[in-house]
Amino acid sequence: MEEDNSFFEKERDRLTAEITSGFEELLSSSNNLNRKLEEVLGMTREYETIAALWQSFHELMRGHHDEDDVSGEAEPHGLPGTGGHVLAASKSGNGGAEQRQQES
């Protein structure tokens, strides 16, 4: 009977050690997962800050663009390097010929 007890106690101790090892591994994995989640949340906070900055820039530029449209001036729009981009347009539309005539 004593052999059965010793076998039972040995098996119980072995299983207890195995369960303890499993819990330690689970705790380690949980801590690792927690660190990774904190990193991800930190990155999303950084991206939110950058996104808010770009959003305010976009709203500022859109407001500036809307003000140009409301003023009624038809300015040619285009992209630099495509030939459609105008740096400065004269108000008279004749390229300054009127001013040259007045000077003569």
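Considering segment 76-88, and only residues there that are surrounded by fewer than 10 Cβ atoms within 10 Å (Cβ to Cβ) and not hydrophobic (A, V, I, L, M, F, W, C), the residue that is modelled with the lowest pLDDT turns out to be 76.
Yes/no matrix, rows are residues, columns are (1) at pLDDT 85 or above; (2) in contact with a strand residue (DSSP E or B) (Cβ under 9 Å, 6 or more places away or on another chain); (3) open to solvent by 90 Å² or more (accessible area, probe 1.4 Å); (4) in a helix (DSSP H, G or I):
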residue: 26; (1), (2), (3), (4): yes, no, yes, yes
residue: 34; (1), (2), (3), (4): yes, no, no, yes
residue: 44; (1), (2), (3), (4): no, no, no, yes
residue: 53; (1), (2), (3), (4): yes, no, yes, yes
residue: 57; (1), (2), (3), (4): yes, no, yes, yes
residue: 72; (1), (2), (3), (4): no, no, no, no
residue: 93; (1), (2), (3), (4): no, no, no, no
residue: 99; (1), (2), (3), (4): no, no, yes, yes
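Under the condition of being at pLDDT 65 or above and hydrophobic (A, V, I, L, M, F, W, C), the residues counted in segment 59-70 number 2.
The values are calculated or read from the model by the stated rules, or taken from the named source; none is laboratory data. Worth saying up front: this structure is predicted, and the values here are computed from it rather than measured. Positions of Cβ are backbone-derived with ideal geometry, glycine not excepted, and every protein chain shown enters the neighbour counts. Areas reflect the complete protein model, heavy atoms only, side chains present, ligands, DNA and RNA absent. Shrake-Rupley method; radii C 1.70, N 1.55, O 1.52, S 1.80 Å.
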